[in-house]
Every structure is written in C-alpha cells, then in structure tokens.
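Asker: Could you have a look at this structure, given as structure tokens, before my questions?
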Amino acid sequence: MIDPWSSVILDYEKLIEQFGIKPFSDLLDDVDNPPILMKRGIIFGQRDYGRIIKAMREKSRFAVVTGMMPSGKMHIGHKMIVDQLIWYQKQGADIYIPIADMESYSARGIEFEESRKLAITEYLTNYIALGLDFKKKNIHTYLQSENKAVQDLAYILGRKVNLNEMKSIYGFSGSTNISHLYVPLVQVADILHPQLEEFGGPKPTVVPVGPDQDPHIRLTRDIAERFKNKYKFIAPSSTYHRFITGLTGDKMSSSKPKTAIFLSDSPEMAEKKVKSAKTGGRESLEDQRQLGGIPEDCVVYEMLLYHLVSSDAELKEIYHDCKQGTIMCGECKNIASGMMRKFFQKLSKKRIIAEDDARKILNRN
Ligand code: TRP
Ligand code: SF4
C-alpha cells in the first residue's frame, strides 16, 4: 500500500513491478521534443501515455490536470510540476490546476483561509514567476472548496465506491475522519471533470504526479470505467517523476527546512544552501583524484541534472569530469551555486510582480 499522506521514500523499481506503472523509457522515442525531465529519466513511469502522445501528434484536444495541496512553502522540487505544465501549455493542452484546500483541511487540519493565502502567495505566485502563462486561454485554476462542478461530480461518483475499497487503497481505519475519507473522491473529480460535456466532453487527460499519488490515479481509472456508460470517460493517463533529494541526503520536505531550498529564498540563501549540500565526493582530495566522485549520489549533481544545466553536452562534461576525478567538489559547488544564485535572482524579481497577478486570478473566479 502507498499512503499519499505520509512521507516515506518509495522504491521506483518496485512501483513498476508491483503496481503496473510502465517505464517511461518505453515511449520516450515517440515524444517529439521531449523536455529535460523526460530525456533525463526523471519522469520514470507512466500509465497509458501513448494516448497523450497521439493527441499531441494529431493536435487533437487533451487535458492536463495536476493539483497541489497547500501545506507550506514551495521548494525547488515542486518546480518539476511547473516545468511540465509549461511544456504542456506549449503543446496546446487544456490545463487544470486544482488547489486542494479541501484535502489540506481534512488531512492536515489547515483552515480554508490559510490555504487561500498559501495558494496566492506561494503556489500561484511561483507558477507565474517560473513562467506559466495564466493569460492564455485554456488554463484553469481553482480552489476545490469553490468549485461546485467538481464537488457535485465527486458526490455522484461516490455512489459506486464503498468503504472497504477506500480502506484497502488508503489504509483508512475506524478512526479516519469522514472528511478525509471523502476527499480522494474530490481529487478523482478534479481529474475527471474536464471530460464532462460542459468542459468539452471526453478527451485524453494526463496527470503528471509524484508516485505517492498513484493510489488516487488507480482509483480514478477504476471509477472512470464504472461510469463509462454515463459519461463516456476515457481512463486518464499519468506520468510519475522522481523526487528530488534534500540538501542533507534525505527527502526534500517543506516541513524540514534544513533539507529544502525554498522558492522564496533569497539568491544568497539559495547559493549558500547549494554550498552546504551533501555531495558524492570522497573523503580526501587525494582519493577523489584517484577514484573520482559519485555523481549518482550527489545532491549538487542532482540540482544540475534536474534544474540548472539545460545543455546535455555541458552536463555530460561535468559528469565525466566528476567520474574522472578531474574536478573537485569545491569547484563544482562553486559552479552550481553560482548558477543557482542567478536562477534565484531572476525568480525573486519575477515573484514581486507575480503576486499581484496571482491575487487577481483567484479573486476573479
Ligand atoms: N493530492 C495532491 C497533493 O497532495 C493534490 C491534488 C489534488 C491533485 N487534486 C489533484 C494532484 C488532481 C493531481 C491531480 O499534492
Ligand atoms: Fe558532486 Fe560535483 Fe563533487 Fe562530483 S564533483 S561528487 S558532481 S559535487
């Protein structure tokens, strides 16, 4: 069982074996101009992604749905979702971004006012500052608590889901509160509602998420099948990305500030944090020259791979130099932290204007 509300690190290979997630690499060659996250294997798994490739090729209508539960500050790992949305926006997708305030209320006890504040000052501000364009047509964002169509659909879908099923998927027990029990259905409705007639009817839909969200995806695909006659739903596709490692070598988590680079950090702070990150370097310079470093085990390298170096050739060179022991971690950290500072200089400037726009977006709905 995978519990989407706990923070255990998952074994990606096992997910592929146990839960029927397919390797993304099977389809990579069919994707035209894949983004970095796909090319570099950070998006490692998928379900039914062939449908989405086909829709992109044929330029037919498809939707992307991916939400976030407001629970704290956004960190650099969350940027991965935004990078994907930006790419899909270029591919002409209808984009839906639910903000899961019902989920954070029922699973974390966060009040709705607090969620709305986080949605504006954190989520939407960063989405805009990172480059997602909310002025384009076909991009929709909403708070779950304010979306009647989604809530109504959740209620209707709930008719064909029973308590035992929820228990076995999520490990819910007799002491689970009823709001929490219900809230996965709201997420199912987030994912399926773009296929209702009033939103343009049935269409391929992809949900890019971390693997912790897979229980929701499985439930959604099952429910889509159960309501096929009524709504003609096409089972949603999904992709799964690896999580970024935290600065300390553990999982990066907003609730553990020592592990995270927050998108609201100053450029100097972000730079300092990269310099403090755990590397895959050896005990001594001597050893490093002889044996080379271990980029696979290095948080700094991961930052370069996921976020900082867009040129594949440049990345390869760093990888090679690290392995050969011709670059030492100090120098490598200087390069990476300099890039991070520059990235944050741009981001923090954009965040200032973005917050106003973010406020307007939520208040207009
Ligand atoms: N449960 C997701 C999270 O914890 C948030 C979410 C809500 C979501 N609705 C969604 C994700 C629909 C993908 C699709 O962040
Ligand atoms: Fe990591 Fe760079 Fe050190 Fe290699 S040289 S282990 S990539 S910090």
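The values are calculated or read from the model by the stated rules, or taken from the named source; none is laboratory data. None of these values were measured; they are calculated from a predicted model. Here the Cβ is made from the backbone with ideal geometry for all residues, glycine too, and neighbour counts use every protein chain on show.
Asker: Which members of region 36-57 meet the condition of being buried (at least 17 other Cβ atoms within 10 Å of the Cβ) and either under 17 Å from the mean Cα position of the chain (by Cα) or among the aromatic types (F, W, Y) (or both)?
Answerer: Listed by number, the residues that qualify are I36, L37, M38, I42, I43, F44, G45, Q46, R47, Y49.
Asker: Within region 321-344, restricting attention to residues that are exposed (fewer than 15 other Cβ atoms within 10 Å of the Cβ) and outside any loop (DSSP other than H, G, I, E, B), which residue is farthest from the chain's Cα centre (by Cα)?
Answerer: Q324
Asker: From the list E268, E286, which residue is more than 8 Å from ligand 2 (Cβ to nearest atom), closer than 30 Å to I128 by Cβ, out of contact with any strand residue (DSSP E or B) (no Cβ under 7 Å at 6 or more places or on another chain) and in a helix (DSSP H, G or I)?
Answerer: E268
Asker: Which of the residues spanning region 8-35 are loosely packed, with under 13 Cβ neighbours inside 10 Å, of a type outside the set (D, E) and under 19 Å from the mean Cα position of the chain (by Cα)?
Answerer: Result: V8, I9.
Asker: Of all residues in region 243-255, which are crowded, with 20+ Cβ neighbours inside 10 Å and either within 30 Å of I53 (Cβ to Cβ) or under 14 Å from the mean Cα position of the chain (by Cα) (or both)?
Answerer: I244, T245, M252
Asker: Inspect all residues belonging to region 183-190 and state whether any of them is more than 26 Å from Q91 (Cα to Cα), surrounded by fewer than 19 Cβ atoms within 10 Å (Cβ to Cβ) and among the hydrophobic types (A, V, I, L, M, F, W, C).
Answerer: There is no residue in region 183-190 that is more than 26 Å from Q91 (Cα to Cα), surrounded by fewer than 19 Cβ atoms within 10 Å (Cβ to Cβ) and among the hydrophobic types (A, V, I, L, M, F, W, C).
Asker: Would you please name the residue that is nearest to ligand 1 (Cβ to nearest atom), looking only at residues in region 319-341 that are closer than 21 Å to L37 by Cα and touching a residue at least 60 places away in the same chain (Cβ under 8 Å)?
Answerer: Step by step, filter region 319-341, then rank; the result is M340.
Asker: Then there is this: Could you tell me whether M56 is without any contact (Cβ under 8 Å) to a residue 60 or more places away in the chain and assigned by TED's automatic domain parsing to the domain that holds G201?
Answerer: Yes: the conditions hold for M56.
Asker: Is there a residue being without any contact (Cβ under 8 Å) to a residue 12 or more places away in the chain and within 16 Å of ligand 1 (Cβ to nearest atom) anywhere in region 101-113?
Answerer: Yes, region 101-113 contains at least one residue that is without any contact (Cβ under 8 Å) to a residue 12 or more places away in the chain and within 16 Å of ligand 1 (Cβ to nearest atom).
Asker: Something else about it: In region 197-228, how many residues are more than 14 Å from ligand 1 (Cβ to nearest atom) and of a type in the set (S, T, Y)?
Answerer: Result for region 197-228: 0.
Asker: Could you say which residue among R218, R159, R226, R242 is of a type in the set (D, E, K, R) and within 30 Å of I261 (Cα to Cα)?
Answerer: None of the other options fit; the residue is R242.
Asker: Determine if region 229-236 includes at least one residue that is on the phi > 0 side of the Ramachandran plot and either within 16 Å of ligand 1 (Cβ to nearest atom) or not small (G, A, S) (or both).
Answerer: For region 229-236, residues on the phi > 0 side of the Ramachandran plot and either within 16 Å of ligand 1 (Cβ to nearest atom) or not small (G, A, S) (or both): present.
Asker: Any idea which residue in region 277-310 is farthest from ligand 1 (Cβ to nearest atom), counting only those that are among the hydroxyl-bearing types (S, T, Y) and touching a residue at least 12 places away in the same chain (Cβ under 8 Å)?
Answerer: By that ranking, first place goes to T279.
Asker: Would you confirm whether any residue within region 219-241 is touching a residue at least 24 places away in the same chain (Cβ under 8 Å), farther than 24 Å from I139 by Cβ, crowded, with 17+ Cβ neighbours inside 10 Å and within 14 Å of the chain's Cα centre (by Cα)?
Answerer: So far as region 219-241 goes, no, none of its residues is touching a residue at least 24 places away in the same chain (Cβ under 8 Å), farther than 24 Å from I139 by Cβ, crowded, with 17+ Cβ neighbours inside 10 Å and within 14 Å of the chain's Cα centre (by Cα).
Asker: Something else: Somewhere in region 311-318, is a residue in contact (Cβ under 8 Å) with a residue 12 or more places away in the chain, farther than 16 Å from I76 by Cβ and either assigned to a loop (DSSP other than H, G, I, E, B) or within 7 Å of ligand 2 (Cβ to nearest atom) (or both)?
Answerer: Looking through region 311-318, at least one residue is in contact (Cβ under 8 Å) with a residue 12 or more places away in the chain, farther than 16 Å from I76 by Cβ and either assigned to a loop (DSSP other than H, G, I, E, B) or within 7 Å of ligand 2 (Cβ to nearest atom) (or both).
Asker: Taking region 54-100 as the search range and keeping residues that are closer than 17 Å to A119 by Cα and polar (S, T, N, Q), which one is farthest from ligand 1 (Cβ to nearest atom)?
Answerer: S71
Residue-by-condition table, conditions (1) modelled with pLDDT under 95; (2) in contact with a helix residue (DSSP H, G or I) (Cβ under 8 Å, 6 or more places away or on another chain); (3) assigned by TED's automatic domain parsing to the domain that holds A93:
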residue	(1), (2), (3)
P194	no, no, yes
D212	yes, no, yes
R218	no, yes, yes
K230	no, no, yes
G281	no, yes, no
